[in-house]
Amino acid sequence: MRIGIEAQRLFRPHKHGMDRVALELIKNLQVLDKENEYFIFVKPDADNKVISNTENFHIVEVDGGPYPIWEQFKLPKLAKAYNCDVLHCTSNTAPLTLQMPLVTTLHDVIFKEGNVLKQLVSSASWYQKIGNLYRRLIVNSIVKKSDQLITVSNFEKQNISNIYQLDHTKIQTVHNGVNENFKAVIDNNVKAEVKQKYNLPEHFLLHIGNTDPRKNTARVLKAFYRYISEFSEDLKLVLVGFNEAKLNAILKAISLEEALSGKIILTGYVADKDLPVLFSLSELFLFPSLREGFGIPIIEAMACGVPVITSNTSSMPEVAGDAACLVDPKNTESIYKAIVKVRSNEAYKNQLIEKGFEQYTNFSWEKAAKKVLGVYKQFNNKNI
């Protein structure tokens, strides 16, 4: 077979969730499949060493234009020119005019939830807002056009099936995995380098967020403030993915500008190679998101031996199992009590860590690649 994979943003320096999923999938397919011919369609960018050509994997750089122009006009022409038997689009959207079988990974349908106007005036970045609007405009058509849909959790599979009234056979769950770099034992010299690079304190809780309100950073800040106020610990909160202006806007909105002064460390963007070290240095990982299609950081933290607080909603219980402390993400009191429970009960904390080591092994990129390869095989007329 000749298989095309859309990985438009694979080379951008600051990768996000969907980019990382595409990268791990391709890397594992390279190890797994030596028979089929692959064409990986990417947009040129600075981080072009993350993946290399192999005998049957060809990186095709496709220049030019904003994402919708690239996807709707350039991608289908290239897929046709390379005579692909199937095209796999990895990031929720796909070309509307494609003249070949289409597999689409629909990570979630969060962009369909809630009022469009509210999304446009939310604190999310304009990049996120425009992306959500683009998805709203075309995903209904893409769902109908796709020969097979892939999503990342059973929760999301049911959700998509309900929204689009689809037969379950059209959607396959392919859980995300954990990169082997996420581990509990990390060289002390590496830890010291990363600690200095990001100006990390001796004792800290970790929260990964961004400007998307569903990451629930405001309630994390409130719960953290209450905890340090009542327990008087020399403890900091390390925030990944925020700049000072965005943080100050949130602190002002919740009236904690002065109260949390000097208590928060901003790392900015953290490179993938440094993220496992950040997890391993932290004492607790806070991920009480309002909504996730999967929630990869949950199992990444577990792989690093860090206790996890996450939400009792959407996909997160499916991913965390009984290896995390589950909270009501809309209730600051619930988040605060969870911090107290994990920090004050050593036996419970150790139990979470041990269960976390077991839980994360249920998810691997090798398993994911095998399932995706099985999807591709559906479009081959001969056994491979």
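Since every read-out is calculated from the coordinates, none of them should be taken as a lab result. Predicted, not measured: the structure shown is a model, and the values here were computed from it. Note: ideal-geometry Cβ built from the backbone for every residue, glycine included; neighbour counts use all protein chains shown.
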Expressed in nanometres to one decimal, the distance between label points 7 Å along Cα→Cβ at Asp187 and Lys77 is 4.7
Just list whichever of Lys34/Lys195; Lys112/Lys222; Lys157/Lys246; Lys183/Lys215 have alpha carbons separated by over 31 Å in the model shown. Lys34/Lys195; Lys157/Lys246
Cα-based count: Lys pairs in the range 269-384 below 17 Å, eight or more positions apart or different chains? 4
Sequence-distant or interchain residues sharing an amide H contact under 5 Å with His107, placed H: which? Asn92
Would you work out the Kirkwood radius for the range 188-360? I mean one over the mean of 1/r across all pairs of different Cα atoms, in Å. 16.0
Considering only the chain, what is the antiparallel percent among its DSSP beta bridges, to the nearest 5? 0
Less than 10 Å Cβ to Cβ from Gly241, Lys/Arg counted +1 and Asp/Glu -1: what total charge do the surrounding residues give? +1
So if R0 is 56 Å, what FRET efficiency would Ile69 and Ile254 give, r being the distance between their Cβ atoms, rounded to the nearest 0.05? 0.90
Binned at 20 Å starting from 0, the alpha-carbon pair-distance distribution of the chain in whole percents comes out as 27, 57, 15, 0
Taking the chain and counting helices only, DSSP H stretches of n ≥ 4 at -39,500 (n - 2.57) each over all residues, the nearest-500 ellipticity at 222 nm comes to -12000 deg cm²/dmol
Could you check the spin-label model distance between Leu133 and Gln378? Points 7 Å from the Cα along Cα→Cβ, value in nm. 3.4
As an exercise, use a Förster radius of 22 Å and the Cβ-Cβ distance of Ser261 and Glu346 to find the FRET efficiency, rounded to the nearest 0.05. 0.10
Arranged by the count of other C-beta atoms within 10 angstrom, fewest first, what order do Ile40, Ile3 take? Ile40, Ile3
Whole-Hz ³J(HN,Hα) from phi, Karplus 6.51 cos²θ - 1.76 cosθ + 1.60, for the range 62-75, glycine and proline x: 10, 7, x, x, x, 3, x, 5, 4, 6, 7, 10, 7, 4
